[in-house]
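Below: the structure, in structure tokens.
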Amino acid sequence: MADLDEAIVLGREALELCPQGHPHRSTYLNNLAVHLSTRYDQLGAMADLEEAIVLGREALELCPQGHPHRSTYLATLAVHLATRYDQLGAMADLEEAIVLGREALELCPEGHPHRSISLNNLAVHLSTRYDQLGAMADLEEAIVLDREALELCPQAHPDRSTYLATLAVHLATRYDQLGAMADLEEAIVLGREALELCPEGHRHRSTSLNNLGVRLSTRYDQLEAMANLDEAIVLGRDAVDLRLPSHIDWSSSLKHLASALYTRFMQLRQPDDKKSLFSLYAQLVNAPQLVSSMDLSATRAWIRVAEEFQHPSTLFAYETSLRLLIHHLAALPPLPQHLIILKNRSASLAVDAFSACLRRGARERAVELLEQGRSVFWSQLSRLRFPLDDVMASGPAGTLLADEFMHVASLIHSVLDSPGADQHGRLCHLNLQLQRIIINIRELPGLSRFLLPSLFSELQHAASGGPVIIVNASQYSCDALIILLDRDPVHIPLQIALERVRDLSKEVNNLTVRATRADVTRELAAFLRKLWDLMVLPIVDFLLTTHPPRSRIWWCLTGEFSVLPLHAAGPFREGQQNLPDLYISSYTTTLTALIRARRHNPSNSTTQVKRFVAIGQANAGGETELLSVGAELDVIRQRVDSLAAFTRVDGKESSISRVVEELGKNEWVHLACHGLPNRTRPFESAFALHDGHFTIEQIMRCEPENPQFAYLSACHTTVGDEESPDEVIHLASAMQFAGFRSVIGTMWVVDDAETNKITSTFYKHMVDESGCLDHTRAAFALNKTMKSVHIPLDQRILYIHLGA
């Protein structure tokens, strides 16, 4: 490493001697970029890779069409971008790498000295895209390019081992897809030749060892010849020994070796193999601060094996995986397209960790881990709006750091609002700056936990207004955990399996979709009775021993539970009370969200005249007309005109820009329009306005002055992504993120004919004893409303309250 560090120092000095206009500036830019990228491969410092990309772009700009070095700089930048894709998963980086790689190859015709490396690089990028998108054409093209590259590298060519290894990997990938044994056998032959060309001390030896070991393990799976598995383990051990934890492929080697040891243990039951594989997994705690997708994959493999054996390291595996996930996501810019990374890398992790903790009696730790791993996207984005009062109060250094934090956060917001060339790269650079500032803030007295996951002692304050009931759905168990302010959490195991919860989720969807049927009330009542018997009754039995009827309670639902109307459950039998008769229910996405909603704001006085805007759109383009919107806004005016500075916005006035403006200056908002959920691209879920869709992505950018209450009189406003429900990305949560402390949302389709009587009764109950509007009365008002209005059952239970 000393030689590489010295090369970087010398490279910087050389670049300083080549100002703008110098004929060799592009060469020195590219050389320094290569050195920085090489150091990134060894140490994993993201700053090195980001700087390499910046330098690579500048070098390329200095090489127009016809420049003799253009192909080299194209290829170099493509490799850096592909490396960043491997780390952060932004598809834009990979697509750009492929475009640059194709251009580089076009500039290297037959006979060009760099043709082989251009062929190899493009093949790698295409294979990576195959791994992501599964287009077989990409993999087939990669293999064709690989074979041509290898033909251009005879024996003794310095790059032959690299091209052998690349072709072997791609053939093995095709074997995994198509099962042609010839592909696997050829991959092993090529892998052995590549290893022979990488003697002791060769920089690619660890890669060759690892790859050949993986291929031999695969052949064992097919042929069950133990010699293959034994050799794979020997090679895997050598590969791991050659790699430090900071090496970009360290966790990959570790995972493959552990997998081979697991396979042999299951076959031969040798205790040493089991001991060795868990010893390997335990080393993942040493993963660097910069976490790769492979690090996360390795920890998930550890979890699976630990759960299978009920190993003592199970909780440690979950804790490590969640810690690495948070580090990984902290390095990602807050872009909506990164939700797919969350889907792939955090699916069920938090809910399974919660279950594992409860199965081992670690109730407080269960809460901490669940909070870390849910609503991660909102948590990361909310860092940009985190109050800095404590930082500024720490002294002059804190004031300076707070100013830097706000400046960088403002720049991030600006880049998010203006997509353009290399938006992702600019955001990565700013995000790194923000990470450095956060690290420096944690050095200040009393701020060591700044923006770190909350401890249970902090999260417990979510129960300051009443108990919070976490209902968790995991493949290992389904549980309720009641968070109380003045005592330890209470665990109530639920006698229901995850598959049954999924069936109930489908059932409620079917019932509400066909809510126009005459017998839907009877069927829905029977469904709510199931929820009562299976889940809610044991929880209520406990609550009645600690909290009197008519108290407030909060539901925090995970996974498949999140679509179930637990607030409406009950026996639905003559003379018996349903849950709404016993307790006043609210929901919260996370404990932190509830604590944030209660955070004191001096301007939230109940005696202060509120600014209230009622927004309606009855005739959005392409949607059915909502006949009651106008009357709904009239009813609201009658109820609140004397209590608030009232503004009405409807018809052509309800444009996206006008709504953004009104959200910015009104504490109370009522939206009456079509709600358009998008279950696969949740950030495109929207309210239908006069001139288009007002999406979650646009709501995220709103910064209201003093938001308090939002009533979303629209369909499906609490419906989120169907594959990642624990990210809780829906219209209601977006309004909460914008700052609204109390939100009324809907679980399914709203009947336009019933909205007027609901709205009128609701706002009547939102007035407190002093005659003022009070957003903290929303849950009470909703409960009173639904018990007094005469409307079909499906409409009576679809409205829910979120927040304080």
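The values are calculated or read from the model by the stated rules, or taken from the named source; none is laboratory data. It should be emphasised that the depicted structure is a prediction, and the values quoted were computed from it without experimental measurement. We place every Cβ from the backbone using ideal geometry, glycine too, and count neighbours over all the protein chains shown. To get the accessible areas, we keep the full protein, side chains included, count just its heavy atoms, and leave off ligands, DNA and RNA. Shrake-Rupley method; radii C 1.70, N 1.55, O 1.52, S 1.80 Å.
If we sort 96-107, 303-314 on the protection proxy, mean other Cβ atoms within 10 Å, highest first, what's the order?
Numbers: 96-107: 20.6, 303-314: 16.6.
Top to bottom by mean Cβ count within 10 Å: 96-107, 303-314.
With 10 Å bins from zero, work out the P(r) of the stretch 604-740 over every alpha carbon pair and list the percent per bin.
13, 44, 34, 9, 1
Looking only at the stretch 488-513, which residues have a backbone nitrogen under 15 Å from a spot 7 Å from the Cα of Thr545 in the C-beta direction?
Label zone hits: 488-493.
Given an 8 Å cut-off on Cα distances and at least 6 residues of separation, report the relative contact order of the chain as a percent. Please report the intermediate quantities before stating the final value.
Numbers: 1299 pairs, mean separation 55.2, N = 804.
In percent, rounded to a whole number, it is 7.
Given the rule -39500 (n - 2.57) for each run of at least 4 DSSP H residues, summed and divided by the residues of the chain, what is its mean residue ellipticity at 222 nm, to the nearest 500 deg cm²/dmol?
Numbers: 35 runs with 450 residues, N = 804.
Roughly -17500 deg cm²/dmol at 222 nm, from the helical runs in the chain.
What base-10 log of the normalised intensity I(q)/I(0) is obtained for the stretch 717-777 from the Debye formula, alpha carbons as equal point scatterers, at q = 0.17, 0.27 Å⁻¹?
-0.76, -1.11
Sort the stretch 435-563 into rounded, prolate or oblate with this rule: let a ≥ b ≥ c be the square roots of the eigenvalues of the Cα gyration tensor; rounded if a/c is under 1.5, and if a/c is not under 1.5, prolate when a/b is larger than b/c, oblate otherwise. The partial results should precede the final answer.
Details: a/c = 2.63, a/b = 1.84, b/c = 1.42.
Note, shape of the stretch 435-563 comes out prolate.
At each listed q (0.11 Å⁻¹), what is the log10 of I(q)/I(0) that the Debye formula gives for the stretch 391-505 modelled as equal alpha-carbon point scatterers?
-0.69
Could you calculate the FRET efficiency of Arg12 with Leu444 from 1/(1 + (r/R0)^6), where r is the beta carbon distance between them and R0 is 35 Å, rounded to 0.05?
Working: r = 31 Å, r/R0 = 0.89.
Computed FRET efficiency for Arg12 and Leu444 comes out at 0.65.
Carbon and sulfur atoms: what percent of the 1.4 Å accessible area of the stretch 580-734 do they account for?
Details: 2770 of 5900 Å².
Of all accessible area on the stretch 580-734, carbon and sulfur atoms account for 47 percent.
To one decimal place, what orientation-averaged projected area in nm² is obtained for the convex hull of the Cα set of the stretch 99-192? Could you put the intermediate results ahead of the total?
Values: hull surface 23.7 nm².
That works out to 5.9 nm².
Dividing the alpha-carbon Rg of the stretch 1-103 by 2.2 N^0.38 Å yields what? All intermediate terms of the calculation are to be shown ahead of the outcome.
Details: Rg = 13.4 Å, N = 103, 2.2 N^0.38 = 12.8 Å.
Cα-based Rg divided by the globular estimate yields 1.05.
Principal axis extents for the stretch 672-774, Cα atoms only, whole Å, descending order, please.
Computed over the stretch 672-774, the largest-to-smallest principal extents equal 45, 33, 31 Å.
Dividing the Cα radius of gyration by the Kirkwood radius, what Rg/Rh value follows for the stretch 155-194? Mind showing how you got there, number by number?
On the way: Rg = 10.4 Å, Rh = 10.0 Å.
Using only Cα positions, Rg/Rh for the stretch 155-194 is 1.04.
Compute the separation of the alpha-carbon centres of the stretch 117-133 and the stretch 34-93 and state it in Å as a whole number.
Between the Cα centre of the stretch 117-133 and that of the stretch 34-93, the gap is 16 Å.
Along each principal axis of its Cα atoms, how long is the stretch 103-146 end to end? Whole angstroms, biggest number first, please.
Ordered largest first, the stretch 103-146 gives principal extents of 32, 15, 12 Å.
Could you give the C-alpha radius of gyration of the stretch 53-111 expressed as a fraction of 2.2 N^0.38 Å, taking N as the number of residues it contains? Walk me through the intermediate numbers first.
On the way: Rg = 11.5 Å, N = 59, 2.2 N^0.38 = 10.4 Å.
Expressed relative to 2.2 N^0.38 Å, the Cα Rg reads 1.11.
How big is the C-alpha Rg of the chain next to the rule-of-thumb value 2.2 N^0.38 Å, as a ratio?
Numbers: Rg = 29.5 Å, N = 804, 2.2 N^0.38 = 28.0 Å.
Here the Cα radius of gyration is 1.06 times the empirical estimate.
Could you calculate the contour length gain from Gln155 to Arg102, that is, 0.36 nm times the residue separation minus the distance between their Cα atoms, to one decimal place in nm? It would help to have the intermediate numbers written out before the result.
Details: separation 53, 0.36 × 53 = 19.08 nm, distance 2.67 nm.
Once the chain is fully extended between Gln155 and Arg102, it gains 16.4 nm.
Quick one: with all protein chains in place, what share of the accessible area of the stretch 65-113 is carbon or sulfur, to the nearest percent (1.4 Å probe)?
So the carbon and sulfur contribution to the accessible surface is 59 percent.
Taking a threshold of 29 Å on the Cα-Cα distance, which of the pairs Lys665/Lys787; Lys652/Lys787; Lys610/Lys652; Lys255/Lys506; Lys665/Lys764 fall above it? If you can, show how the numbers build up before the last one.
Numbers: Lys665/Lys787 33 Å; Lys652/Lys787 36 Å; Lys610/Lys652 25 Å; Lys255/Lys506 37 Å; Lys665/Lys764 24 Å.
Table pairs above 29 Å Cα-Cα are Lys665/Lys787; Lys652/Lys787; Lys255/Lys506.
Calculate log10 I(q)/I(0) of the stretch 249-379 for q = 0.20, 0.22 Å⁻¹, where I(q) comes from the Debye formula with a single equal point scatterer on each Cα and nothing for solvent.
One equal scatterer on each Cα of the stretch 249-379 leads to -1.14, -1.30.
Based on the Cα gyration tensor of the stretch 623-698, what are the three equivalent ellipsoid semi-axes, each the root of five times an eigenvalue, rounded to whole Å and given largest first? Show your work: numbers first, answer last.
On the way: eigenvalues 109, 45, 24 Å².
They are 23, 15, 11 Å, listed from largest to smallest.
Enumerate the aspartates and glutamates that Lys757 could reach by cross-link, defined here as Cα to Cα under 17 Å, with residues fewer than 8 away along the same chain left out.
Partners within reach: Glu632, Asp634, Asp794.
If you take the C-alpha gyration tensor of the stretch 417-481, multiply each eigenvalue by 5 and take the square root, what semi-axes do you get, largest first, in whole Å? Show your work: numbers first, answer last.
Details: eigenvalues 242, 96, 28 Å².
Here the semi-axes work out to 35, 22, 12 Å.
Carbon and sulfur together cover what percent of the accessible area of the stretch 249-315 at a 1.4 Å probe radius? If you can, show how the numbers build up before the last one.
Working: 1340 of 2750 Å².
So the carbon and sulfur contribution to the accessible surface is 49 percent.
Based on the Cα atoms of the stretch 22-61, what semi-axes does the equivalent ellipsoid have, where each is the square root of 5 times one gyration tensor eigenvalue, given in whole Å with the largest first? Display every interim value, and only then the final one.
Numbers: eigenvalues 80, 17, 5 Å².
Computed over the stretch 22-61, the values are 20, 9, 5 Å.
Output needed: percent of Cα pairs per 10 Å distance bin for the stretch 53-211, bins running from 0 to the one holding the longest distance.
Taking all Cα pairs of the stretch 53-211, the binned fractions are 11, 37, 38, 13, 1 percent.
Under the rule of at least 5 residues apart or a separate chain, name every residue whose amide H is placed under 5 Å from the amide H of Tyr711.
The list, which skips near neighbours in sequence, is Val669, His670, Leu671, Ile744.
Could you provide, to the nearest whole Å², the per residue accessible area of the chain with probe 1.4 Å? Don't skip to the answer; put the middle values down first.
Values: 32690 Å² over 804 residues.
Ligands and nucleic acids excluded, the figure is 41 Å² per residue.
Provide Rg over Rh for the stretch 461-501; use the alpha carbon set for both Rg and the Kirkwood Rh (inverse mean inverse pair distance). Don't skip to the answer; put the middle values down first.
Working: Rg = 11.7 Å, Rh = 11.0 Å.
That ratio is 1.07, to two decimals.
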